[in-house]
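J.: Quick one: the structure is below, questions incoming.
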Amino acid sequence: MGIQNSQNTINRLISRAEKKEFDWIFHVGDISYADKHYFDFQSTWNTWFQMVEPLSSRMPYMVCPGNHEYAAYSQLFFETRNFVVYNARFSMPGSNTSGENMFYSFDYGPVHFVSYSTESSFPNAPHSHFSDEVAWMENDLKRANLPENRKKRPWIFALGHRPMYSSCKGYSDTNGNPTQEVSVALQSAFENMFNKYKVDVVLNGHVHSYERNYPTYRNKRTSTSYQNPPNPFNIVTGAAGSLEGLKNAEDHGWNDPQPSWSAHRFGKDYGYGILTVHNNTDLNWKFYRAGEN
């Protein structure tokens, strides 16, 4: 998101929040882009908090770390590296023992939410400063998938910054196989686990566009239906705002042909999504353009 190209998104969310159209917000990383403001690092964080205050003052504003939370790329680098500022400015709930906000889980209504870090603490992660996320994830999902817990909360959603699956050029080949280094590492670390414990939906950001995928496993589409899908499906919603601009404002930013697991993709405007869980069997997801009411 950041403080540039995000005001339309924030305004739309404030308007919907005033009408009580959703209960809380989850921001999937790349929060303030303060690392890009080399001489205004802390003040950029402050500006971003002021921008979202009409939201965060009335409802929970949940976050996970993105690559732009790692450090200030200036004279403050050694003081801020390893997500120091991110962990100082946010306090998330959950049961992890790291003492940080890098990964955690919580329950809300009929859903178990797992917020995981795509930046650290799994094999071949960009950084490895925190406790073992893979072991924590295994224990958390195993517990959430116990019959008595799944009966109470039949939905399991996983949320993290970088995607395993994106058909943006540079992230996968034309056959749909992930090629970007971190995407490959994430797939190796987590995809089997998400399938083993029957995670329903994986939501990500990072790529500055929108893409909804079909249920997919090991690079292959397994269904074109979202009714009782055999595997999780991914949603990439990384277009709330960015000083770097939209990734796929032009169609040539996407892989062509479109991989079979990619259901819909859009990159011509900033936007956000609203997920509504109606009951134990039905949910609805909608992506909204920030430039439209």
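J.: Restricting attention to the range 274-293, report how many residues are part of a strand (DSSP E or B) and open to solvent by less than 30 Å² (accessible area, probe 1.4 Å).
T.: Looking only at that region, the number is 1.
J.: Sticking with this structure for a sec: Take the range 104-125 and flag every residue that is assigned to a loop (DSSP other than H, G, I, E, B) and touching a strand residue (DSSP E or B) at 6+ places or on another chain (Cβ under 7 Å). Step through it out loud before you land on a result.
T.: Keep residues of the range 104-125 that are assigned to a loop (DSSP other than H, G, I, E, B), which gives 109-110, 116-119, 121-125.
Passing the criteria: Gly109, Pro110, Tyr116, Glu119.
J.: Continuing with the same structure: Give just the number: which of (1) without any contact (Cβ under 8 Å) to a residue 40 or more places away in the chain; (2) of a type in the set (Phe, Trp, Tyr); (3) touching a helix residue (DSSP H, G or I) at 6+ places or on another chain (Cβ under 6 Å) does Tyr197 not satisfy?
T.: Failed condition: (1).
J.: For Gln75, indicate whether it is out of contact with any helix residue (DSSP H, G or I) (no Cβ under 7 Å at 6 or more places or on another chain), without any contact (Cβ under 8 Å) to a residue 60 or more places away in the chain and part of a helix (DSSP H, G or I). If you could, list the steps in order and put the result at the bottom.
T.: Values: out of contact with any helix residue (DSSP H, G or I) (no Cβ under 7 Å at 6 or more places or on another chain): yes; without any contact (Cβ under 8 Å) to a residue 60 or more places away in the chain: yes; part of a helix (DSSP H, G or I): no.
No.
J.: Inspect all residues belonging to the range 67-81 and state whether any of them is at pLDDT 95 or above and of a type in the set (Val, Ile, Thr).
T.: The answer is no, given that none of the residues of the range 67-81 is at pLDDT 95 or above and of a type in the set (Val, Ile, Thr).
J.: How many residues does the range 230-255 contain that are more than 29 Å from His68 (Cα to Cα) and surrounded by fewer than 17 Cβ atoms within 10 Å (Cβ to Cβ)?
T.: Initially, the range 230-255 is screened for residues more than 29 Å from His68 (Cα to Cα), giving 230-231.
Still in the running and surrounded by fewer than 17 Cβ atoms within 10 Å (Cβ to Cβ): 230.
Number satisfying all stated conditions: 1.
J.: Within the range 62-73, count every residue that is within 13 Å of His37 (Cβ to Cβ) and either open to solvent by 30 Å² or more (accessible area, probe 1.4 Å) or among the charged types (D, E, K, R) (or both).
T.: Summing the residues that are within 13 Å of His37 (Cβ to Cβ) and either open to solvent by 30 Å² or more (accessible area, probe 1.4 Å) or among the charged types (D, E, K, R) (or both) in the range 62-73 gives 1.
J.: Go through the residues of the range 214-223 one by one and say whether even a single one is touching a Lys or Arg at 6+ places or on another chain (Cβ under 7 Å) and among the aromatic types (Phe, Trp, Tyr).
T.: Yes, the range 214-223 has at least one match.
J.: Given (1) open to solvent by less than 50 Å² (accessible area, probe 1.4 Å); (2) under 30 Å from Ala263 (Cα atoms); (3) of a type outside the set (D, E, K, R), identify the lone condition not met by Gly109.
T.: Answer for Gly109: the failing condition is (1).
The values are calculated or read from the model by the stated rules, or taken from the named source; none is laboratory data. None of these values were measured; they are calculated from a predicted model. Because the Cβ atoms are built from the backbone with ideal geometry, glycine has one as well, and the counts that use them run over all protein chains shown. Note: areas computed on protein heavy atoms with side chains; ligands, DNA, RNA excluded. Shrake-Rupley method; radii C 1.70, N 1.55, O 1.52, S 1.80 Å.
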